[in-house]
Amino acid sequence: MLDLARLRALHAVSVHGTVGAAATALGYTPSAVSQQIAKLERETRTTLLERRGRGVALTEEALHLAETARQLMAIVERAETELEERRGLPAGRLTIAAFASAARGLLPGVLADLARRHPALDARMTEIDPHLSIDLVAKGAVDVAVVHDWDIAPLPTPPGVEQAVIGDDLCDLVVPRGHRLAGRASVRREELRSERWITQPPGLVCHEWLVRTLREAGCEPDIAHQAEENPTLVALVAAGLGIALIPRLGRGPVPADAVTVSLEPVPVRRLYALWRTGASRRPAIAETVRALRAHWAPHTPVAAPHDDHHDTLAPTSGNRR
């Protein structure tokens, strides 16, 4: 009989693309995942992974087996959901994917809250980009994803995935203390034509939002420096190397050599929790959404730009736009 844990390891490699990424998602070491798959190869008398350069690729037989594993895990998930629902208490393992600033600024309190309230629930978090985590939820690789979108860059969700609004994250300009805008209460976008910018790399939502928004305001942004982490952006601003637009969540304290200025209209990104429709009855899902909203409350009030979702209290399924 095929071992479910070994099938889960194979499925994780098929979803995440590498043994290392699969190990991170499962909470194992890469060697443990490799050992699971090696045992599965011996049990099935089939080669499942082939070397491709520095990585590995699934054989055709492995792809078929990974699809079978996905179906089996869906059956197990339904059984676990029914048991948890009958007990009425969150229990079992719950995997959460969160983007970087949510992982830093929101999830520590949420995970501690869940651990304190529900000792039988084993909640585990992995930091993953929102564009990737949506697909991982749909494929059953993670249970809950914390994602965000912007007014001009929505993240549509596929069928079979439900969502609930967590809150709105307001963004500020961060400028060096001696900058010409440092003493202003607010600045309009048209006033930023001559600035040197520090932002995230291309392909990330914050970068695309900045470029598109400034171009619409008649400005071609001069991007001098790029970094993925918001604290790095703040440090570069404090060194006098440019200005940045940074969300408040997970930003951390602004150093003495930098100040925040409001940009008008205020840029907003909206945070959502996503999960599979089949897991909607799990008490663990409802408790996770509750904890996310409860720990979001101290951050910022819900703002108005996403009017189609404003004051959303109940989960909805399918595409948001």
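The values are calculated or read from the model by the stated rules, or taken from the named source; none is laboratory data. Note that the coordinates shown come from a computational prediction; the quantities given were computed from them, not determined experimentally. Cβ coordinates were reconstructed from backbone atoms using ideal geometry, including for glycine residues, and neighbour counts include every protein chain displayed. These accessible areas exclude ligands, DNA and RNA; they are computed on the full protein's heavy atoms, side chains included. Shrake-Rupley method; radii C 1.70, N 1.55, O 1.52, S 1.80 Å.
What are the residue pairs meeting all of these: first residue in region 84-98, first residue on the phi > 0 side of the Ramachandran plot, second residue open to solvent by 10 Å² or more (accessible area, probe 1.4 Å) and modelled with pLDDT of 85 or more, Cβ atoms under 8 Å, and 6 or more apart or on different chains?
Partner pairs satisfying both residue conditions: G88/P283; G92/A120; G92/L121; G92/D122.
Name the pairs: first residue in region 271-284 and without any contact (Cβ under 8 Å) to a residue 60 or more places away in the chain, second residue surrounded by fewer than 24 Cβ atoms within 10 Å (Cβ to Cβ), Cβ to Cβ under 9 Å, at least 6 apart or on different chains?
Pairs that qualify, where the first residue is without any contact (Cβ under 8 Å) to a residue 60 or more places away in the chain and the partner is surrounded by fewer than 24 Cβ atoms within 10 Å (Cβ to Cβ): there are none.
For region 212-296, list the strands (runs of 3 or more DSSP E) that sit wholly inside it and hold at least 3 residues that are β-branched (V, I, T); which are they?
258-264
If you go through region 142-152 one residue at a time, do you hit one that is open to solvent by 30 Å² or more (accessible area, probe 1.4 Å), in contact (Cβ under 8 Å) with a residue 24 or more places away in the chain and in contact with a helix residue (DSSP H, G or I) (Cβ under 7 Å, 6 or more places away or on another chain)? Lay out the reasoning, then the answer.
Quick first cut of region 142-152, residues open to solvent by 30 Å² or more (accessible area, probe 1.4 Å) only: 151-152.
So of that shortlist, the ones also in contact (Cβ under 8 Å) with a residue 24 or more places away in the chain come out as 151-152.
Those still in the list that are in contact with a helix residue (DSSP H, G or I) (Cβ under 7 Å, 6 or more places away or on another chain) too: 152.
Yes, there is a match, as at least one residue in region 142-152 is open to solvent by 30 Å² or more (accessible area, probe 1.4 Å), in contact (Cβ under 8 Å) with a residue 24 or more places away in the chain and in contact with a helix residue (DSSP H, G or I) (Cβ under 7 Å, 6 or more places away or on another chain).
Tell me, which residue of region 193-211 that is of a type in the set (D, E, K, R) and in a loop (DSSP other than H, G, I, E, B) is least open to solvent (accessible area, probe 1.4 Å)?
Top of the filtered list is E195.
From the residues in region 108-135 that are part of a helix (DSSP H, G or I) and buried (at least 21 other Cβ atoms within 10 Å of the Cβ), which one is farthest from the chain's Cα centre (by Cα)?
Going through the qualifying residues, I end up with L114.
Out of everything in region 156-178 that is more than 30 Å from L132 (Cα to Cα) and open to solvent by 40 Å² or more (accessible area, probe 1.4 Å), what residue ends up being nearest to the chain's Cα centre (by Cα)?
R177
Could you go through region 60-74 and let me know if any residue there is open to solvent by 30 Å² or more (accessible area, probe 1.4 Å), more than 15 Å from A12 (Cα to Cα) and of a type in the set (K, R).
no
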